[in-house]
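Everything on this sheet refers to the single structure shown next.
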Amino acid sequence: MSEEIGKFTIQLEQEDDYAFRVKFDIKKAPDIIMDEPPPLGERNGPNASRMLAAAAANCLSASLMFCLAKEDVPAQNVHTEVTCTMIRNEKKRLRVGRLDVRITAGDELLTSKKLDRCMTLFEDFCVVTASVREGIPVGVEVVNSAGDLLHKAE
């Protein structure tokens, strides 16, 4: 049984056709426009699938950085790429079939004494990815700046 420990509310207002203005509950966070790709929308912003992919990739990146560098986080030391594979289910409905996240961690982060321990922990502390994995496969790789594989999980 899970225990509720917090809530937040985000508001969406229809701008035009399938474009919505997203208003976050954070005073300094700018509004963003989300829109569907053609033929429904005009792709004037990311759609929900792109936001989901970005959220999972951001959460994993931040979780890894937190584990490796807690207090002194080096700037511009992580580059993350996420690939979202779209599929059709048995009813021919479009679905997010899987996400594949590749994090390239800079050498400054990889000198952490906690590297081995963090590689076994960081995914579990990513709220979004751990939640998404209950219904969508998420592959994760961490590599160094030379492209050497440091961690891989399915």
For this session: Would you be able to say whether some residue in region 40-60 is within 22 Å of Ile136 (Cα to Cα), free of Cβ contacts under 8 Å to residues at least 24 places away in the same chain and among the aliphatic types (A, V, I, L, M)?
Result: yes
For this session: Just one of (1) touching a Leu at 6+ places or on another chain (Cβ under 6 Å); (2) open to solvent by 80 Å² or more (accessible area, probe 1.4 Å) trips up Thr120, so point out which.
Result: (1)
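Where in region 1-50 are there strands (runs of 3 or more DSSP E), lying fully within it, with 2 or more residues that are open to solvent by 100 Å² or more (accessible area, probe 1.4 Å)? If you could, list the steps in order and put the result at the bottom.
On the way: elements: 11-16, 19-23, 32-34.
Answer list for region 1-50: 11-16.
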Problem set entry | Residues of region 95-116 that turn out to be within 15 Å of Leu64 (Cβ to Cβ) and either touching a residue at least 40 places away in the same chain (Cβ under 8 Å) or of a type in the set (Phe, Trp, Tyr) (or both), as a count | 10
Exercise. Would it be correct to say that Leu60 is surrounded by 15 or more Cβ atoms within 10 Å (Cβ to Cβ), outside any loop (DSSP other than H, G, I, E, B) and under 15 Å from the mean Cα position of the chain (by Cα)?
Worked result: yes
Problem set entry | Residue satisfying condition, being under 30 Å from His151 (Cβ atoms) and in contact with an Asp or Glu (Cβ under 9 Å, 6 or more places away or on another chain), within set Ala57, Ala62, Ala19, Ala53 | Ala57
Exercise. Under the condition of being of a type in the set (Lys, Arg) and in a loop (DSSP other than H, G, I, E, B), which residue from region 85-117 is surrounded by the most Cβ atoms within 10 Å (Cβ to Cβ)?
Worked result: Lys114
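In region 63-84, what count of residues is obtained for those that are assigned to a strand (DSSP E or B) and open to solvent by less than 60 Å² (accessible area, probe 1.4 Å)? Steps first, please.
Our first condition is that a residue be assigned to a strand (DSSP E or B); within region 63-84, this holds for 78-84.
Retained after the next criterion (residues that are open to solvent by less than 60 Å² (accessible area, probe 1.4 Å)): 78, 80, 82, 84.
Of the residues in that region, 4 qualify.
Here is a list: Val138, Val127. Which entry is open to solvent by 50 Å² or more (accessible area, probe 1.4 Å), in contact (Cβ under 8 Å) with a residue 60 or more places away in the chain and within 13 Å of the chain's Cα centre (by Cα)?
Val127
The values are calculated or read from the model by the stated rules, or taken from the named source; none is laboratory data. Being a predicted model, the structure only gives us computed values, none of them experimental. Every residue, glycine as well, gets a Cβ built from its backbone with ideal geometry; the counts of neighbours run over all protein chains shown. Accessible surface is based on the protein model in full, side chains and every heavy atom, while ligands, DNA and RNA are left aside. Shrake-Rupley method; radii C 1.70, N 1.55, O 1.52, S 1.80 Å.
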